[in-house]
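K.L.:
Mind looking over this structure? Questions follow.
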Amino acid sequence: MDVRKAVIPVAGLGTRFLPATKAIPKEMLTIVDRPTIQYIVEEVVASGIEQIIFVTSEGKSAIENHFDYNYELDHVLKEKNKILLGKELDMISNLIDIVSVRQKKPLGLGHAIWTARHIVGQEPFMVCLGDDLVYSDVPCAWQMLELYREVGESIVAVQRVPPDQTYQYGIVEGIDNGRERTHQVKRMVEKPAPGTTDSDLAIIGRYILMPEIFDMLSSTTPGHGGEIQLTDALLALSKKRKMYAYEFEGTRFDAGDKFGYLQAIIAYALRHDELGELFKVHLKDVAATL
Ligand code: UTP
């Protein structure tokens with residue numbers, strides 16, 4: 001069965017980015033000229049997904065508004081003859097069919113995904129975290145969907161991280177399955193204590209999941225940090241069905257973290273059509289003064 005829907009959880013509190021995120025969702029913080037969440041929605045659209053399900057919470061309405069039609073703004077732009085700008089806003093509100101569901105308490109990523117179960121239904125679906133950016137020539141979601149068409153099972157996107165950083169991630173232990181960049185999952189552990197795993201394959205914010213994950217999430221008890229962890233449910237699912245870890249091509253940025261956010265701004269600014277060259281010269285000037 002084809003993957004038609006993408007769940008994008010955006011209900012987290014964003015505490016790592018306070019005070020910036022006290023009143024503004026972290027997913028709405030700007031990377032060069034658009035909010036983080038728009039890059040993610042554009043990746044999903046470019047990969048052929050038909051519907052997005054935002055898992056939201058109180059204070060996140062700016063995200064829904066960003067992808068909605070704004071009559072007043074449209075009217076003013078037309079009056080001022082700002083046609084191109086009007087078209088761009090039109091494009092954003094027509095990108096894709098979007099529905100929202102509320103996570104009433106921030107009980108963790110696993111719980112956020114479980115909240116979308118009635119809208120997803122009994123079909124495989126994609127999950128893209130609302131603060132995880134992947135810069136790549138071929139959209140990361142597209143790369144994963146290509147693999148899904150071959151294997152027809154759950155897939156987690158992974159990247160290799162230095163051994164002293166594995167404790168910050170969900171880590172996959174897998175075996176090579178012959179296909180380039182692809183491993184069959186054997187074991188998974190959320191934020192392993194140093195020295196407890198030999199693997200450097202860290203899970204990042206892109207998944208393709210079989211609908212059975214909802215049963216696993218229903219019976220998952222709070223894990224690390226008192227939250228319902230997706231990794232725990234993934235581990236349970238991987239024991240029932242095959243699961244794959246895919247080393248995507250591209251660079252991932254954790255835009256929900258201050259340093260990751262700064263790295264993302266630099267990467268996207270350097271490749272920006274209008275500003276890229278100018279910014280490169282500026283960065284060289286800055287570097288010369290350091
Ligand atoms: P994070 O752990 O990065 O989000 O979750 P957070 O909890 O907002 O971050 P900090 O640690 O407090 O800064 C990854 C994604 O999952 C969503 C977040 O919005 C983010 O996009 N999430 C997390 C939920 O939707 N609900 C939750 O209960 C937790």
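K.L.:
Quick one: which strands (runs of 3 or more DSSP E) sit completely within the range 124-179 and have at least 1 residues that are of a type in the set (K, R)?
P.N.:
Counting at least 1 such residues, we get 154-160.
K.L.:
Tell me, which residue of the range 44-102 that is among the polar types (S, T, N, Q) and within 16 Å of the ligand (Cβ to nearest atom) is surrounded by the most Cβ atoms within 10 Å (Cβ to Cβ)?
P.N.:
T56
K.L.:
Identify, by number, the condition in (1) of a type outside the set (S, T, N, Q); (2) exposed (fewer than 15 other Cβ atoms within 10 Å of the Cβ); (3) closer than 19 Å to A233 by Cβ; (4) out of contact with any strand residue (DSSP E or B) (no Cβ under 9 Å at 6 or more places or on another chain) that F214 doesn't meet.
P.N.:
(2)
K.L.:
Still on this model: Read through the list (1) surrounded by fewer than 22 Cβ atoms within 10 Å (Cβ to Cβ); (2) of a type outside the set (D, E); (3) more than 15 Å from the ligand (Cβ to nearest atom), then give the number of the only condition that Q168 fails.
P.N.:
Every condition holds for Q168 apart from (3).
K.L.:
Check the range 208-228 and report whether any residue there is small (G, A, S), modelled with pLDDT of 95 or more and touching a Leu at 6+ places or on another chain (Cβ under 9 Å).
P.N.:
No, that holds for no residue.
K.L.:
Considering only the range 219-290, give the helices (runs of 4 or more DSSP H) lying wholly within it that have at least 1 residues that are over 23 Å from E153 (Cα atoms) and touching a strand residue (DSSP E or B) at 6+ places or on another chain (Cβ under 6 Å).
P.N.:
Because the criterion is at least 1 residues that are over 23 Å from E153 (Cα atoms) and touching a strand residue (DSSP E or B) at 6+ places or on another chain (Cβ under 6 Å), the helices (runs of 4 or more DSSP H) in the range 219-290 that meet it are 258-270.
K.L.:
What are the residues in the range 27-75 that are closer than 19 Å to G86 by Cβ and aromatic (F, W, Y), if any?
P.N.:
Those that are closer than 19 Å to G86 by Cβ and aromatic (F, W, Y): F67, Y69, Y71.
K.L.:
Among the residues of the range 1-18 satisfying the criterion of being at pLDDT 95 or above and more than 10 Å from the ligand (Cβ to nearest atom), which is surrounded by the most Cβ atoms within 10 Å (Cβ to Cβ)?
P.N.:
Only one residue fits best here, namely A6.
K.L.:
So, one more: Taking C140, is it of a type outside the set (K, R), more than 16 Å from P9 (Cβ to Cβ), touching a residue at least 12 places away in the same chain (Cβ under 8 Å) and within 16 Å of the ligand (Cβ to nearest atom)?
P.N.:
Answer is yes for this residue.
The values are calculated or read from the model by the stated rules, or taken from the named source; none is laboratory data. Since the structure is predicted, the reported quantities are computational estimates derived from the model, not experimental observations. Because the Cβ atoms are built from the backbone with ideal geometry, glycine has one as well, and the counts that use them run over all protein chains shown.
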